[in-house]
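**Student:** This is the structure, below, for whatever I ask next.
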Amino acid sequence: MVEKRDIDIIMENPIDWEKFRNKSVLVTGATGRLGMYIVETLCKADIDWNLNMKIVALARNKEKINNVFGATLDFPNVYTCVQDITEKIKWDGDINYIFHTAGLASPYDFTNNPVETLWGHVAGTHNVLEFARHNHTSRVVYVSTVEVYGDWQSNDKVKESDMGIMRCNESRACYPEAKRLCETMLASYEAQYDVGYVGVRLCHTFGPGISLDDGRAFAEFLRNVVNGEDIVLHSEGDAVRTYTYVADAVGAMLIAATRGENTEFYNIASTDNIISIRQLSELIAGLDPQKKVRVRLEKLQKEKLNYLPFHLAIMDVEKIKKLGWIPRVGLKDAFRYTLESLMQGCV
């Protein structure tokens, strides 16, 4: 499922692979969009650099693990741990690095499963940190979100030290408030138990492996093209977002993991890939191989899913760029790669 092209994009980054030599690495949410790329990239680096790593892929569905990784599971340094992250981690042995990517993160889940969304992040991170403090983990790499910045009213790009307001008494806050609490947990475990961590805050990351049913606008547009249907907008589509291709995001995560400062957070976003929802719909419609999909604006209506209720910030990414990160995939290629993957899955 992970393209060689994407692994090559990740490997072009200045990642300090020596940090992983003779180390054990646990990846939670291993069958998710980020997790599967991390596992496959670690496996490639292990082979290329003879790192003698032990790579543990944690996910709750054994069948999905087999489908996602296939022959990768035949490598002697790759192991699986089948369980839900909300349960105590059942792995016997020390783990030096943990990439914690598990957790619900879609408008569909925020609307229909706010309790599971909230508890999955909070309980999952608690289990990761409890495991880390008892199993000699040097560093937890935590995946957070731009949504922790809350309602950002300034035209300035948001830096890692900034923070906006957020209404905590709405169910849609299940995701950003859970992420804020998890960041507090990281700081608390580092202060009391000396559990090292580095965090990354992502904004609209996508690529092969995304679900077309999660409710996000770009996923809806891609599903329309896959099904040969017109894209129908029920708003003017003025909202502006930043989109980052998964290979660029994972490259930045691995840089932060190996070169980032302890207890620091790093914004990750391809800030050249800024586009409005309306413009994005036109771009994705233009990728239709049959050239039949059109964009139509219909009567405005109340949204069925709980989308972001506040103004989202555009992130400042100078901090991660100072570590050597350069995003490589532009908007058109990023969505073309994603659509090609989805179309292949429909054959």
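The values are calculated or read from the model by the stated rules, or taken from the named source; none is laboratory data. Note that this is a predicted model, so its numbers are computed, not measured. Reconstructed Cβ throughout: ideal geometry from the backbone, glycine too, with neighbour counts over all protein chains shown. The accessibility values were calculated without ligands, DNA or RNA, using every heavy atom of the protein model including side chains. Shrake-Rupley method; radii C 1.70, N 1.55, O 1.52, S 1.80 Å.
**Student:** Going through the range 154-184 one residue at a time, which ones are in contact with a Lys or Arg (Cβ under 8 Å, 6 or more places away or on another chain) and either among the hydroxyl-bearing types (Ser, Thr, Tyr) or free of Cβ contacts under 8 Å to residues at least 60 places away in the same chain (or both)?
**Tutor:** Across the range 154-184, the qualifying residue is only Ala173.
**Student:** Can you tell me which residue within the range 191-230, out of those that are in a helix (DSSP H, G or I) and polar (S, T, N, Q), is most open to solvent (accessible area, probe 1.4 Å)?
**Tutor:** Selected residue: Gln192.
**Student:** Right, Val250: in contact with a Leu (Cβ under 7 Å, 6 or more places away or on another chain), assigned to a helix (DSSP H, G or I), within 30 Å of Ala187 (Cβ to Cβ) and of a type outside the set (D, E, K, R) or not?
**Tutor:** yes
**Student:** Counting just the residues of the range 316-330 that are of a type in the set (Lys, Arg) and either in a loop (DSSP other than H, G, I, E, B) or at pLDDT below 80 (or both), which one comes out surrounded by the fewest Cβ atoms within 10 Å (Cβ to Cβ)?
**Tutor:** It comes out as Lys322.
To keep it simple, each residue is scored yes or no on (1) under 19 Å from the mean Cα position of the chain (by Cα); (2) farther than 16 Å from Ala257 by Cβ; (3) basic (Lys, Arg).
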| residue | (1), (2), (3) |
| --- | --- |
| Asp6 | yes, yes, no |
| Asn13 | yes, no, no |
| Phe20 | no, no, no |
| Leu26 | yes, no, no |
| Ala30 | yes, no, no |
| Arg33 | yes, yes, yes |
| Glu40 | yes, no, no |
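**Student:** Additional query: Out of all the residues in the range 24-41, is one or more more than 19 Å from Thr137 (Cβ to Cβ), at pLDDT 95 or above, among the charged types (D, E, K, R) and surrounded by 18 or more Cβ atoms within 10 Å (Cβ to Cβ)?
**Tutor:** yes
**Student:** Among Ala285, Ala313, Ala269, Ala334, which is the only one that is of a type in the set (A, V, I, L, M, F, W, C) and either open to solvent by 80 Å² or more (accessible area, probe 1.4 Å) or at pLDDT below 95 (or both)? Spell out how you get there, then give the answer.
**Tutor:** Working: Ala285 fails: either open to solvent by 80 Å² or more (accessible area, probe 1.4 Å) or at pLDDT below 95 (or both); Ala269 fails: either open to solvent by 80 Å² or more (accessible area, probe 1.4 Å) or at pLDDT below 95 (or both); Ala334 fails: either open to solvent by 80 Å² or more (accessible area, probe 1.4 Å) or at pLDDT below 95 (or both).
Going through Ala285, Ala313, Ala269, Ala334 in turn, just one is of a type in the set (A, V, I, L, M, F, W, C) and either open to solvent by 80 Å² or more (accessible area, probe 1.4 Å) or at pLDDT below 95 (or both): Ala313.
**Student:** Given the criteria of a type in the set (A, V, I, L, M), in contact (Cβ under 8 Å) with a residue 60 or more places away in the chain, more than 27 Å from Ala219 (Cα to Cα) and surrounded by fewer than 20 Cβ atoms within 10 Å (Cβ to Cβ), does Ala187 qualify?
**Tutor:** The answer is yes for Ala187.
**Student:** Here's a follow-up. Go through the range 86-97 and report how many residues are touching a Ser or Thr at 6+ places or on another chain (Cβ under 6 Å) and open to solvent by less than 20 Å² (accessible area, probe 1.4 Å).
**Tutor:** Here the count works out to 1.
Listed here are the residues, each with its yes/no results for (1) crowded, with 21+ Cβ neighbours inside 10 Å; (2) acidic (Asp, Glu); (3) closer than 21 Å to Val200 by Cβ.
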| residue | (1), (2), (3) |
| --- | --- |
| Tyr149 | yes, no, yes |
| Lys157 | no, no, yes |
| Glu160 | no, yes, yes |
| Tyr175 | yes, no, yes |
| Cys182 | yes, no, yes |
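**Student:** All but one of (1) open to solvent by 20 Å² or more (accessible area, probe 1.4 Å); (2) under 22 Å from the mean Cα position of the chain (by Cα) hold for Leu58; state the number of the condition that does not hold.
**Tutor:** (1)
**Student:** Please list, ordered by first then second residue, the pairs with beta carbon atoms under 9 Å, 6 or more apart or interchain, first in the range 97-123 and closer than 11 Å to Gly29 by Cβ and free of Cβ contacts under 8 Å to residues at least 60 places away in the same chain, second not hydroxyl-bearing (Ser, Thr, Tyr) and not in a strand (DSSP E or B).
**Tutor:** Gly120/Asp84; Gly120/Ile85; Gly120/Ala102; Gly120/Gly103; Gly120/Leu104; Gly120/Asp109; Gly120/Asn113; Gly120/Ala178
**Student:** Which pairs turn up if I take residues in the range 210-228 that are at positive phi and small (Gly, Ala, Ser) and look for partners that are assigned to a helix (DSSP H, G or I) and surrounded by 17 or more Cβ atoms within 10 Å (Cβ to Cβ) with beta carbon separation below 8 Å, at least 6 apart in sequence or on another chain?
**Tutor:** That search, which allows pairs on different chains as well, returns Gly215/Pro107; Gly215/Tyr108; Gly215/Thr111.
**Student:** Hey, any hits in the range 242-262 for a residue that's open to solvent by 10 Å² or more (accessible area, probe 1.4 Å) and at pLDDT below 95?
**Tutor:** Scanning the range 242-262, I find no residue that is open to solvent by 10 Å² or more (accessible area, probe 1.4 Å) and at pLDDT below 95, so the answer is no.
**Student:** If you don't mind, there's one more thing I want to ask. Of the conditions (1) modelled with pLDDT under 95; (2) open to solvent by 40 Å² or more (accessible area, probe 1.4 Å); (3) of a type outside the set (Lys, Arg), Gln279 satisfies every one except a single condition; which number is it?
**Tutor:** Of everything listed in (1) modelled with pLDDT under 95; (2) open to solvent by 40 Å² or more (accessible area, probe 1.4 Å); (3) of a type outside the set (Lys, Arg), Gln279 misses just condition (1).
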